[in-house]
1. Quick one: which of 175-183, 202-210 comes out on top by average Cβ neighbours within 10 Å, and what's the full order, highest first?
2. Where both residues lie in the chain, what percent of DSSP beta bridges are antiparallel, nearest 5?
3. Run the simple label-point estimate for Leu113 and Leu56 please: 7 Å along Cα→C-beta, distance reported in nm.
4. Given the options Glu85, Glu93, Glu77, which has the most mean-square fluctuation in a GNM of the chain, springs set between C-alpha atoms less than 10 angstrom apart?
5. At Ser167 and Asp82, where each label point lies 7 Å from the Cα along Cα→Cβ, what is the point-to-point distance in nanometres?
6. With the other protein chains left in place, how much accessible area per residue, in square angstrom, belongs to the stretch 10-219 at a 1.4 angstrom probe?
7. Under the rule of -39500 (n - 2.57) per DSSP H run of 4 or more residues, summed and divided by the residues of the chain, what mean residue ellipticity at 222 nm is obtained, to the nearest 500 deg cm²/dmol?
8. Please work out the C-alpha center-to-center distance from the stretch 209-225 to the stretch 81-118 and express it in whole Å.
Amino acid sequence: MMSAVHPVPVITIDGPTASGKGTIAARVAGALGWHLLDSGALYRLTALKAMGSGVLLDDEAGLARCAAHLKPQFIGETVLLDGAEVTLAIRAEPVGQAASRVAVYPQLRTALLQLQRDFAQAPGLVADGRDMGTVVFPEAALKVFLTASVVSRAQRRHKQLIDKGFSANIDDLLKDLEQRDSRDMSRAVAPLKPAEGALVLDSTSLSIDDTVTRVVQAAQERGVV
Ligand code: C5P
């Protein structure tokens, strides 16, 4: 087991909604044989739990209690909340919007901190989110900030939703992304921004393979792997 002197190596991948972080983080984790943290899923799960238990989305203390008692299970691609499968339910747009609304509350963010840090297990962790490099894993060995133009992100999100069987409209998605970006970037606590020293990658015209290669190469150059 690794000691505190040799902490588990962490690669953080932060960026705006639909920048491809989820896909890239999963592929990098797969390439390295490391664990994966999809921190957005924890915010989505908290929102879903609140919505299902009558907690209002502006009740900070109630939301923090939902987060503190969150016992999600991630089994491969499957996500369980309190024993029920919610893999698809947490991907619906209203849940994403609700997640971004509840994510502004400091008490809720604090309640999720330890749960997120517990994902750092040997041999390593790839953590995907908005504040992985700035707040949750400030000591990460490699920090990546992944971005892409808002139009290409709307197109990607549209394809993702259609592939999952949800209906979606590009113009609505574009508006939704802009709204969510501005909320994520302007909130007082843990706003979305590149961490100091982050490798900033614009994936607008990069393929998934090229983006994964850039991240793995950066990890090799920094001696992380
Ligand atoms: O990445 P995903 O779209 O699943 O995240 C849902 C919402 O959760 C985001 O819009 C953001 O507001 C919030 N979030 C956050 N911090 C993270 C991950 C997600 O505030 N580390």
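The values are calculated or read from the model by the stated rules, or taken from the named source; none is laboratory data. Computed from a predicted structure; not experimentally measured. Cβ placement follows ideal geometry from the backbone for every residue including glycine, while neighbour counts extend to all protein chains displayed. These area figures cover heavy atoms from the full protein model, side chains too; ligands, DNA and RNA do not enter into them. Shrake-Rupley method; radii C 1.70, N 1.55, O 1.52, S 1.80 Å.
1. Numbers: 175-183: 16.1, 202-210: 13.3.
The most tightly packed comes first, giving 175-183, 202-210.
2. Values: 5 of 22 bridges.
Bridges in the chain that DSSP calls antiparallel: roughly 25 percent.
3. Placing both labels 7 Å beyond Cα along the Cβ direction yields 2.8 nm.
4. Judging by the Gaussian network model, the answer is Glu77.
5. Output for this residue pair reads 3.0 nm.
6. Values: 9430 Å² over 210 residues.
Accessible surface, normalised per residue, equals 45 Å².
7. Numbers: 8 runs with 102 residues, N = 225.
So the helix-based figure for the chain works out to -14500 deg cm²/dmol.
8. 29
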